[in-house]
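To start, the structure itself, in structure tokens.
Taken together, the values in this text are just the output of simple stated rules run on the coordinates, not laboratory data. Bear in mind that the values here come from a model prediction, so they are computed numbers and not experimental data. Every residue, glycine among them, receives a Cβ derived from its backbone with ideal geometry; neighbour counts consider all protein chains shown.
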Amino acid sequence: MDLEGAVTRLVEYARNAGLIESDDRIWAFNAILDRMGVPGAQPQFEAVESTYYDVDAFDLQATLSTLIAASREMGNGGNALDEELVAQIMGVLTPRPSEVTKRFYELFENEPMSACSYLYTLSCDVDYVKRAAIARDIKWKSATPWGALDITINLSKPEKDPRAIAQAARSFARTRYPACQLCIENEGYAGRSSNSPLGSHPSRQNLRIIPLGLVGEQWGLQYSPYAYFDEHCIVMSREHRPMHVDKTCFMRLIEFVSRFEGYFIGSNADLPIVGGSILSHDHFQGGKYEFAMMKAPVDERFELARFPNVACGIVKWPATVLRLRSADGQEIVRAANHVLDVWRAYSDESVGVLAQTGNTAHNTITPIARKNGDGFLLDLALRCNITNDERPFGVFHPREELHHIKKENIGLIEVMGMAILPPRLRNELATIEKLLASDEDISGYPEIAMHADWAEQIRERHPELDEHNAEQIIKDEVAQVFENVLEDVGVFKWNAPGRAALDRFLSVI
């Protein structure tokens with residue numbers, strides 16, 4: 001195994017990527033060996049042409065795999081996962097937080113988006129953003145009456161039960177360090193194994209977070225390691241506290257897009273079932289991507305009499321989304337807060353909306369902000385997490401017959417039209433495709449029993465299905481399920497009772 005050559009190539013890659021300087025090479029070589037727990041080896045800097053290593057063409061994953069294998073061969077690494085060893089190795093090559101912050105704000109002074117590009121590129125180059133893993137994710141678009149929906153099978157994200165998410169939100173542990181994976185204290189953290197009494201926690205030696213002030217509070221900006229879309233960033237509170245949507249939340253969203261005009265940013269809802277997968281830490285998500293919901297037109301306009309400088313409309317979208325537009329950032333915040341206040345207290349039992357049962361509140365909002373020329377756009381998705389005997393997972397959660405494809409909470413990203421589906425579907429859909437294309441009996445395959453009824457329906461709907469078109473038909477059918485998921489999320493349906501109920505709500509705001 002060419003250990004010396006692999007470490008040398010990695011160090012040269014880091015130098016060419018601007019992660020280290022030429023004078024750092026011997027130090028970096030020795031530090032990497034130390035992290036791997038292997039004896040000293042001779043660097044080969046003089047034997048290679050340093051300018052040969054094109055950063056974009058360099059196979060970082062293959063080189064890291066060589067180093068991990070070498071460490072394992074020599075009996076090092078203990079019970080650490082491969083990704084933990086990678087974080088340790090790449091942490092050596094990652095510039096110090098103060099250096100990264102200084103460079104970020106030097107660029108930000110002239111062009112904020114170039115600062116973001118710098119941080120994103122750095123996060124990729126040090127393998128915090130997992131480019132190779134992201135490239136393996138399965139992605140496609142399918143046309144629907146609501147526009148082209150994005151469907152992704154994320155091979156790195158485990159499937160979570162909505163009840164487990166709610167339980168995690170209730171636990172709100174402060175005894176662990178870091179308290180959760182979104183805490184600022186993750187920067188440089190070595191991680192914990194599954195044997196730790198505090199539970200497992202990923203290594204974050206190669207994570208860098210930019211300090212960011214928002215509405216007088218300290219927050220942090222980083223990029224998601226398993227990005228769902230272009231420059232998928234996370235903006236999180238320095239304080240470990242539960243998600244909360246309120247007027248200050250809207251103020252922070254508007255301030256952020258004022259300073260980062262190329263990005264959208266939004267907040268997950270702050271209640272179980274309708275919130276995202278992490279409710280224990282106040283945070284936002286943003287990036288460059290234009291989702292289907294953003295492209296959706298306004299179907300009908302309405303007015304908020306108290307806010308004459310805010311244009312309002314109902315978005316033609318399966319979830320119930322109100323779009324506010326204004327050049328006045330303060331007024332759009334006040335208008336959004338007014339809608340939130342009214343919605344939190346609003347009930348309409350004719351369509352299943354209940355603001356409260358006992359001391360438990362059910363209504364909240366998923367807000368998404370972006371800049372549009374000289375003005376601001378703020379989309380407000382109305383959410384309600386009420387449950388009943390017929391819909392124990394949520395009246396406005398995907399029906400149980402859709403759970404074979406999507407069971408998890410429908411958070412910020414999915415409300416906008418991007419399905420994030422569990423990794424199990426890669427093999428399950430491939431099996432369904434093979435069986436339908438060959439006209440085999442599905443009942444004999446227990447591994448896809450949860451899909452059996454759906455697969456038979458596909459067979460009935462598509463008598464033309466064969467080995468040539470099976471893949472595309474199944475992809476479009478998955479998108480149809482996600483379309484139904486989004487329709488379930490909508491608190492006011494696109495039918496006569498739903499439209500009448502929405503009109504009643506608009507009449508009181």
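Restricted to Cα positions, what overall size does the chain have along the principal axes? Three whole-Å values, descending.
Over the chain, Cα extents along the principal axes are 76, 62, 44 Å.
With angles folded into 0 to 90 degrees, how steeply does helix 496-508 sit against the dominant principal axis of the chain? Use alpha carbons for both and round to 10.
For 496-508 against the chain, the angle is about 90 degrees.
How big is the charge dipole of segment 423-489 about its Cα centre, in debye rounded to the nearest 20, if each Lys and Arg gets +1 on its Cβ and each Asp and Glu gets -1 on its Cβ?
260 debye
What's the exposure ranking of VAL100, VAL245, going from fewest to most Cβ atoms within 10 Å?
Result, fewest neighbours first: VAL100, VAL245.
Of all the C-alpha pairs in segment 423-489, what % are more than 19 Å from each other?
28 percent
DSSP loop (so not H, G, I, E, B), at most 14 other Cβ within 10 Å: list which GluC sites (Glu not before Pro) in segment 229-319 pass both filters.
GLU239, GLU261, GLU290, GLU303
Give, rounded to the nearest 20 debye, the magnitude of the charge dipole that the chain has about its Cα centre when Lys and Arg contribute +1 at Cβ and Asp and Glu contribute -1 at Cβ.
1740 debye
Could you tell me how many cubic angstrom of Cα convex hull volume segment 276-378 has per residue?
About 147 Å³ per residue, rounded to a whole number.
Using only Cα atoms, tell me the angle between helix 112-125 and the longest principal axis of the chain; keep it within 0 to 90° and round to the nearest 10.
It works out to around 60 degrees.
For the chain, what is the percent of antiparallel DSSP beta bridges, rounded to the nearest 5?
Counting DSSP beta bridges with both partners in the chain, the antiparallel share is about 90 percent.
log₁₀ I(q)/I(0) of segment 200-257 at q = 0.14, 0.15, 0.27, 0.28 Å⁻¹, via Debye over equal Cα point scatterers, no solvent, to two decimals?
-0.46, -0.53, -1.28, -1.30
Per-residue ellipticity at 222 nm for the chain, helices alone: DSSP H runs ≥ 4 residues times -39500 (n - 2.57), over residue total, nearest 500 deg cm²/dmol?
-11500 deg cm²/dmol
Using only the C-alpha atoms of segment 263-329, find the volume of their convex hull and express it per residue in Å³.
Here the figure is 135 Å³ per residue.
List the longest stretch of the chain that has no exposed loop site; here a site is one of the trypsin sites (Lys or Arg not before Pro) assigned by DSSP to anything other than H, G, I, E or B, with at most 12 other Cβ within 10 Å.
Value returned for the longest uninterrupted segment is 307-509.
Can you give me the angle between helix 162-171 and the longest principal axis of the chain, using Cα atoms only, in degrees from 0 to 90, rounded to the nearest 10?
Result, in degrees: 70.
Looking at this model, which pairs from LYS157/LYS295; LYS139/LYS247; LYS139/LYS316; LYS130/LYS475; LYS407/LYS493; LYS288/LYS316 are more than 31 angstrom apart at the alpha-carbon?
Pairs exceeding the cut-off: LYS139/LYS247.
Which value results when the Cα radius of gyration for segment 353-509 is divided by 2.2 N^0.38 Å?
This ratio for segment 353-509 stands at 1.28.
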